[in-house]
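The values are calculated or read from the model by the stated rules, or taken from the named source; none is laboratory data. Predicted model only: the values in this text are computed from it and were never measured. Backbone-built Cβ (ideal geometry, glycine too); neighbour counts: all protein chains shown.
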Amino acid sequence: MYYDLALGNELFVKSRLAAAMQELDLILNTECTELIGDVQYGVSIDQFLWTLTPTTDEFNAYIESKLSTLYYFNSFQHKIYTEFEMGEFRSIYHLIIEIYYDENKRIQKEYVYR
C-alpha cells in the first residue's frame, strides 16, 4: 500500500511510519490559516510561544491538541515532552516527540524553537 503524502524525492511514501513522520513535519511547519479550507490546521508556533510564553506543560498540551488531528501519526503510540532553556536574551524550547513502532522500537524527532 502507498500513502500519497511524500514531500521528499519519492513519489509516494511506502509505510505508515513514513506517512506519520510526514504528517508530523507538515503540521509543525505550517502556520494556522496557511491551509485554504482549514484555518485550524497548523501550529503557528512562533505566535503561540512569544505571545503567551507558556510553561512546558502548556506547550505540550497545545502540541498534543494539534497532533490529535493527524491520522497516521495517531495510529502509533507516542510521547511528547519539552525541555526549556532560559537564555539571557532568548529562551529555547526543545520539543521532543518519540514514536513507538514494531514492538520495542522507537524513533525520536526533536524540534528547536528560539
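Looking at the stretch 90-99, is at least one residue hydrophobic (A, V, I, L, M, F, W, C) and at pLDDT below 95?
yes
Please specify each residue of the stretch 20-43 satisfying the condition of being at pLDDT below 90, of a type in the set (Gly, Ala, Ser) and surrounded by 14 or more Cβ atoms within 10 Å (Cβ to Cβ).
Within the stretch 20-43, none qualify.
Kindly indicate the residue of the stretch 85-102 that is surrounded by 13 or more Cβ atoms within 10 Å (Cβ to Cβ) and in contact with a His (Cβ under 9 Å, 6 or more places away or on another chain) and also nearest to residue 51 (Cα to Cα) among those meeting that condition.
Start the filter on the stretch 85-102 by keeping residues that are surrounded by 13 or more Cβ atoms within 10 Å (Cβ to Cβ), which leaves 91, 93-101.
Now drop any that are not in contact with a His (Cβ under 9 Å, 6 or more places away or on another chain), which leaves 97-100.
Working: 97: 23, 98: 27, 99: 29, 100: 33 Å.
In this case the residue turns out to be 97.
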